[in-house]
1. Scanning the stretch 30-75 for residues that are over 16 Å from Glu95 (Cβ atoms) and in contact with an Asp or Glu (Cβ under 6 Å, 6 or more places away or on another chain), which turns out surrounded by the most Cβ atoms within 10 Å (Cβ to Cβ)?
2. Based on what the data block shows, is Arg21 in a strand (DSSP E or B) and of a type outside the set (A, V, I, L, M, F, W, C)?
3. Output yes when any residue across the stretch 238-260 is touching a strand residue (DSSP E or B) at 6+ places or on another chain (Cβ under 8 Å), of a type in the set (Phe, Trp, Tyr), surrounded by 17 or more Cβ atoms within 10 Å (Cβ to Cβ) and modelled with pLDDT of 85 or more, and no when none is.
4. When both residues are 6+ apart or on different chains and their Cβ atoms are under 8 Å apart, which pairs have a first residue that lies in the stretch 137-150 and is in a loop (DSSP other than H, G, I, E, B), and a second that is surrounded by 15 or more Cβ atoms within 10 Å (Cβ to Cβ)?
5. Can you pull out every residue in the stretch 268-290 that is β-branched (Val, Ile, Thr) and either open to solvent by less than 60 Å² (accessible area, probe 1.4 Å) or within 19 Å of Leu125 (Cβ to Cβ) (or both)?
6. Please specify each residue of the stretch 236-258 satisfying the condition of being out of contact with any Ser or Thr (no Cβ under 6 Å at 6 or more places or on another chain) and part of a loop (DSSP other than H, G, I, E, B).
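The values are calculated or read from the model by the stated rules, or taken from the named source; none is laboratory data. The structure displayed is predicted, hence computed values, not measured ones. All Cβ positions, glycine included, derive from the backbone under ideal geometry; neighbour counts span all protein chains shown. For the accessible areas, the whole protein counts, side chains as well, though only heavy atoms, and no ligand, DNA or RNA atoms are used. Shrake-Rupley method; radii C 1.70, N 1.55, O 1.52, S 1.80 Å.
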Amino acid sequence: MQQMLRVGVIGLGLIGSLHARIMAECPSAELVAVADINPQTAEKVAKCYGCAAYTDFRKMCDQEKLDAVCICTPDQFHLENAEYAAQKGLHLLIEKPIAPTEQQARQIVQAVENAGVRMMVAHVLHFDPRYAQLEETVRQGRLGEIIHMFFRRTNPRSNGRRLGGKVSIFYFIGVHDFEMMCACMDSRPVKAYSQRVSKVNADIGCEDTVLSTITFENGAVATIELCWALPENTALGINTYAEIVGTEGAGYVNIMDQGVSVITKDTVEYPDTLHWPEYNGKVQGDLKEELHHFVEATLEDKPYLTNTETAITAVRVIEACFESIKTGMPVEI
């Protein structure tokens, strides 16, 4: 009989609920239990997938025979979740960002090392074939020495108005690009300068756009543009772009839609075809690939595709960006 990884999911928001479904559908995993502070949410998800429901993640870790947990709670709870689960001998899949500060990220790493368990930080761009191919091209040296990088990630204004004040734009959408920037650049980031604009979301004290310039030890520079003030009819609710220019070539990712348009008399829709589309009765896409990779690599004791130190570096750079916005000056990293 094929070995199964017994998994619990902590936090059942959008991403956590997807984690639960994908684990329930994964042939190498068994979704044993889910936990959420909202009892109705926990019971609803548990009923869908025939698993146990908890409102206290500690009780889930204590009472169920688990091998691993997916931590899908808001960023500020990652340390608490990770330390407890690690102490129980459970492997960890932690949704991005690993933590809201470098200090907390280091505490998580220490807890994992002390417990002798494994951890993977869920940075899904490494499972997006477009970004994965760009990263591989850089790693192969085909672009030569990197001169500059540019990343854009934008969302409709509803996300800013829904989440502003609860989570930073840097961590909700930007950490994807900060982490990919660090993964592609073979040099230490040394300086950050960020500027913030607030017009659409000014009444809730939230930024519309943040532009950040990162300088690296080898002299290369990167710019990251983040925005959650786009009109609501934006294709797929997202517009992303990546450009990496080197001494021997250049590479690009340009995403405005997913190649499918659905037009009715009232609406124009651009369905997701990559991240977590549903077809043939199951969730497909790069999130599925990420979770299946975690399951298989954990069962087979193989390396994870994402790098924990790179995930932490991304957090350190973002912390410098926060300080730059506060002071209005470039900040040493």
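1. Checking each candidate, the answer is Ala33.
2. no
3. We begin by selecting, within the stretch 238-260, every residue touching a strand residue (DSSP E or B) at 6+ places or on another chain (Cβ under 8 Å); these are 238-247, 250-256.
Pick out the ones that are also of a type in the set (Phe, Trp, Tyr) and you get 241, 252.
Of the ones still in play, those that are also surrounded by 17 or more Cβ atoms within 10 Å (Cβ to Cβ) are none.
No, there is no match, as no residue in the stretch 238-260 is touching a strand residue (DSSP E or B) at 6+ places or on another chain (Cβ under 8 Å), of a type in the set (Phe, Trp, Tyr), surrounded by 17 or more Cβ atoms within 10 Å (Cβ to Cβ) and modelled with pLDDT of 85 or more.
4. Leu143/Thr137; Leu143/Ile244; Leu143/Val245; Leu143/Gly246; Leu143/Gly251; Gly144/Gly246; Glu145/Ala220; Glu145/Gly246
5. Thr273, Val283
6. Ile238, Thr247, Glu248, Gly249, Met256, Asp257
Residue-wise test of (1) over 19 Å from the mean Cα position of the chain (by Cα); (2) over 25 Å from Gly165 (Cβ atoms); (3) modelled with pLDDT of 95 or more; (4) crowded, with 18+ Cβ neighbours inside 10 Å.
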residue: Leu92; (1), (2), (3), (4): no, yes, yes, yes
residue: Lys96; (1), (2), (3), (4): no, no, yes, yes
residue: Arg106; (1), (2), (3), (4): no, yes, yes, no
residue: Val117; (1), (2), (3), (4): yes, yes, yes, yes
residue: Gln133; (1), (2), (3), (4): no, yes, yes, no
